[in-house]
Amino acid sequence: MEINAPALLRQAHFTMAANEVKQLPPDNGIEVGFAGRSNAGKSSAINCITGIKSLARTSKTPGRTQQIIYFDLDDTRRLVDLPGYGYAKVPVSVKKHWHALMESYFNKRQSLKGLVLVMDVRHPLKTFDMQMLEWCKATGTPIQMLLTKADKLSRGAAAKQLTITRNQLKKDGLLLGDLQLFSSLKSTGKEEILEKLTEWFGIE
């Protein structure tokens, strides 16, 4: 059965892209960020969750999202597509810019209500994933972790990977929020993440 997003999420629309924190909209209201390694399925997850197939641009070329992309829901609430990271073929200068941009965003953005961290279920907890978790821990940012592309594994293998990842996060002191399986193709886990977004955005 298809799970429909709340009306607020279904009216998400692109409003702006920024290369620097100073270009961001006024720091008020509520925003929820989506972050993940390049090619982890972040754009597909955003499209699945909102029910808008072409909202976030997907690409077979990892690293395409190099800016902070804003999707407004209404006058005070918005989704934020953060730059894809960790792709080896981008220049070192670009990697440094992404790192500085993200660190500044997490340290300064007061309206950030929560972060959805997207990780490929087959390759979770890479270096930049851990960096994201460390930033969230340092800034007290609530987090929901999606192990995406769950359809690429059997149900048993996906469940095993979920357990392994959860245990590793506990060991590292970085189990900061809920960890769940997710598939944009099958809508697996969509209900769980919608519940979290409903909570963060205060959707009635």
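Add +1 for every Lys or Arg and -1 for every Asp or Glu among the other residues with Cβ under 9 Å from the Cβ of residue 78, and state the total.
-2
What's the exposure ranking of 136, 48, going from fewest to most Cβ atoms within 10 Å?
Result, fewest neighbours first: 136, 48.
Can you give the % of DSSP beta bridges in region 7-201 that are antiparallel, to the nearest 5?
Antiparallel bridges: around 30 percent, rounded to the nearest 5.
Could you check how many percent of all C-alpha pairs in region 129-177 are farther apart than 17 Å?
Working: 451 of 1176 pairs.
Tail of the P(r) past 17 Å holds 38 percent of the pairs.
Cβ under 15 Å from residue 153's Cβ, residue 153 left aside: what net charge do those residues give with Lys, Arg +1 and Asp, Glu -1?
Around residue 153, the charge tally is +4.
Taking the convex hull of the Cα atoms, report for the chain its projected area averaged over all directions, in nm².
10.8 nm²
Which of 68, 30, 46 moves the most in a Gaussian network model of the chain with Cα springs under 10 Å?
It is 30.
Three principal axis extents, largest first, for the C-alpha atoms of region 67-120, in Å?
Sorted from largest, the Cα extents of region 67-120 read 37, 25, 16 Å.
Given axes a ≥ b ≥ c from the Cα gyration tensor, I'd like to know whether region 50-170 is rounded (a/c under 1.5), prolate (a/b larger than b/c) or oblate.
Working: a/c = 1.33, a/b = 1.31, b/c = 1.02.
In terms of gyration-tensor shape, rounded.
I need 151, 172, 129 ordered by Cβ neighbour count within 10 Å, fewest first. Intermediate values should be presented prior to the final figure.
On the way: 151 17, 172 13, 129 24.
Placing the least packed residue first, the sequence is 172, 151, 129.
Where a number appears in this text, it was derived from the coordinates with a stated rule and is not lab data. If you're wondering where the values come from, they're calculated on a predicted model, not measured in any experiment. No Cβ is skipped: glycine too gets one built from the backbone with ideal geometry, and neighbour counts run over all protein chains shown.
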